[in-house]
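*Asks:* Below: one structure in structure tokens.
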Amino acid sequence: MFSLTGAQTPIPLQEPTIQDRLTDPQVQTDLLLYRLYRVHITASRLVVQLCEHGFGLTRREWRVLSFLSEHEGALSSELAEHAMLDRARTSRTLTRLEEKKLIRRQPRPSDRREVHVFLSDEGRRVYQAIFPQVAAINRELASALTPAEREQLDHAIEKLQARVHGMVAASTHRLPPVDSGE
């Protein structure tokens, strides 16, 4: 631009817009869910290898065993909710864990349809052998971040989880089970 005196007036520069691929994804690899899934599936292969080769457990069996360690005596429906599995998969998984003598089922005396699930001594031993190794995988993955970044990520994950709970609650459509058998 020129002023009336002929001198150039500087044109204010606009900040270049940086594409925010989280809110304006252009391709699949920009999608937040896809990016989180890639981290999850890649890292979980290490856990699957540990569980399958070291202990003869599937990832679902490990997931149920792990949640059961925190919720001894839970009903299978509660375990399904905590482990994010549908009830049929949870029932099949509990049957396999019982066959492996890692859990025991105890019907409620007043209502035999209500069955509480407990870790057996062997199940507790297996859990205590696996968990420190899974925690080490978690630590190694998290070590890519600084302590401040880990704190920010933890806070961000909590915010995302709260948002997705609200989105699911507001959904007017019937949603598929959480574990689709991927």
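What follows draws every value from the coordinates through simple rules; no lab data is involved. If you're wondering where the values come from, they're calculated on a predicted model, not measured in any experiment. Counting neighbours? That spans all protein chains shown, and the Cβs are built from the backbone with ideal geometry, glycine included.
*Asks:* Run Ser69 past the list (1) within 23 Å of Tyr127 (Cβ to Cβ); (2) out of contact with any strand residue (DSSP E or B) (no Cβ under 7 Å at 6 or more places or on another chain) and report the number of the one that doesn't hold.
*Replies:* Among (1) within 23 Å of Tyr127 (Cβ to Cβ); (2) out of contact with any strand residue (DSSP E or B) (no Cβ under 7 Å at 6 or more places or on another chain), Ser69 violates only (2).
*Asks:* Taking the stated definitions as given, is Leu94 touching a helix residue (DSSP H, G or I) at 6+ places or on another chain (Cβ under 9 Å) and surrounded by fewer than 10 Cβ atoms within 10 Å (Cβ to Cβ)?
*Replies:* Details: touching a helix residue (DSSP H, G or I) at 6+ places or on another chain (Cβ under 9 Å): yes; surrounded by fewer than 10 Cβ atoms within 10 Å (Cβ to Cβ): no.
Spelling it out, it is not the case that Leu94 is touching a helix residue (DSSP H, G or I) at 6+ places or on another chain (Cβ under 9 Å) and surrounded by fewer than 10 Cβ atoms within 10 Å (Cβ to Cβ).
*Asks:* Separate question: For the condition in contact with a Pro (Cβ under 8 Å, 6 or more places away or on another chain) and either in a strand (DSSP E or B) or exposed (fewer than 13 other Cβ atoms within 10 Å of the Cβ) (or both), what is the one hit in Glu114, Glu149? Give the derivation first.
*Replies:* Details: Glu149 fails: in contact with a Pro (Cβ under 8 Å, 6 or more places away or on another chain).
None of the other options fit; the residue is Glu114.
*Asks:* Quick one: Arg104 ticks every box in (1) farther than 26 Å from Arg45 by Cα; (2) of a type outside the set (Asp, Glu); (3) part of a helix (DSSP H, G or I) except a single one, so which number is it?
*Replies:* Condition not satisfied by Arg104: (3).
*Asks:* State which residue pairs qualify: first residue touching a residue at least 12 places away in the same chain (Cβ under 8 Å) and farther than 21 Å from Asp154 by Cβ and inside segment 36-57, second residue assigned to a helix (DSSP H, G or I) and of a type in the set (Gly, Ala, Ser) in any location, beta carbons under 9 Å apart, and separation of 6 or more residues or different chains.
*Replies:* Matching pairs, first to second residue: Gly54/Ala129; Phe55/Ala129.
*Asks:* Then there's this: Any residue in segment 37-48 that is within 17 Å of Gln128 (Cα to Cα) and part of a helix (DSSP H, G or I)? Don't jump to the end; show me each part of the working.
*Replies:* Kept after step one, since they are within 17 Å of Gln128 (Cα to Cα), are these residues of segment 37-48: 47-48.
Okay, now just the ones that are also part of a helix (DSSP H, G or I), so 47-48.
Checked segment 37-48: at least one residue is within 17 Å of Gln128 (Cα to Cα) and part of a helix (DSSP H, G or I).
*Asks:* Another one. Within segment 49-69, track down each residue that is in contact with an Asp or Glu (Cβ under 8 Å, 6 or more places away or on another chain) and either of a type in the set (Phe, Trp, Tyr) or part of a loop (DSSP other than H, G, I, E, B) (or both).
*Replies:* Thr58
*Asks:* Follow-up question, since we're still on this one. As an exercise: evaluate Glu72 against (1) part of a loop (DSSP other than H, G, I, E, B); (2) within 23 Å of Ala156 (Cα to Cα) and give the number of the one condition it does not meet.
*Replies:* (2)
*Asks:* From Ser110, Ser77, which residue is hydroxyl-bearing (Ser, Thr, Tyr) and touching a helix residue (DSSP H, G or I) at 6+ places or on another chain (Cβ under 9 Å)? Break it down stepwise before answering.
*Replies:* On the way: Ser110 fails: touching a helix residue (DSSP H, G or I) at 6+ places or on another chain (Cβ under 9 Å).
That would be Ser77, the only listed residue that is hydroxyl-bearing (Ser, Thr, Tyr) and touching a helix residue (DSSP H, G or I) at 6+ places or on another chain (Cβ under 9 Å).
*Asks:* Still on this structure, I have one more. Quick one: Leu79 ticks every box in (1) in contact with a Pro (Cβ under 9 Å, 6 or more places away or on another chain); (2) surrounded by 12 or more Cβ atoms within 10 Å (Cβ to Cβ); (3) in a helix (DSSP H, G or I) except a single one, so which number is it?
*Replies:* (1)
*Asks:* Any residue in segment 82-99 that is touching a residue at least 12 places away in the same chain (Cβ under 8 Å) and assigned to a strand (DSSP E or B)?
*Replies:* Of the residues in segment 82-99, the ones touching a residue at least 12 places away in the same chain (Cβ under 8 Å) are 82-86, 89-91, 93-94, 96-97.
Okay, now just the ones that are also assigned to a strand (DSSP E or B), so none.
No: zero hits.
*Asks:* Just a yes or no: is a residue in segment 143-158 β-branched (Val, Ile, Thr) and free of Cβ contacts under 8 Å to residues at least 40 places away in the same chain?
*Replies:* yes
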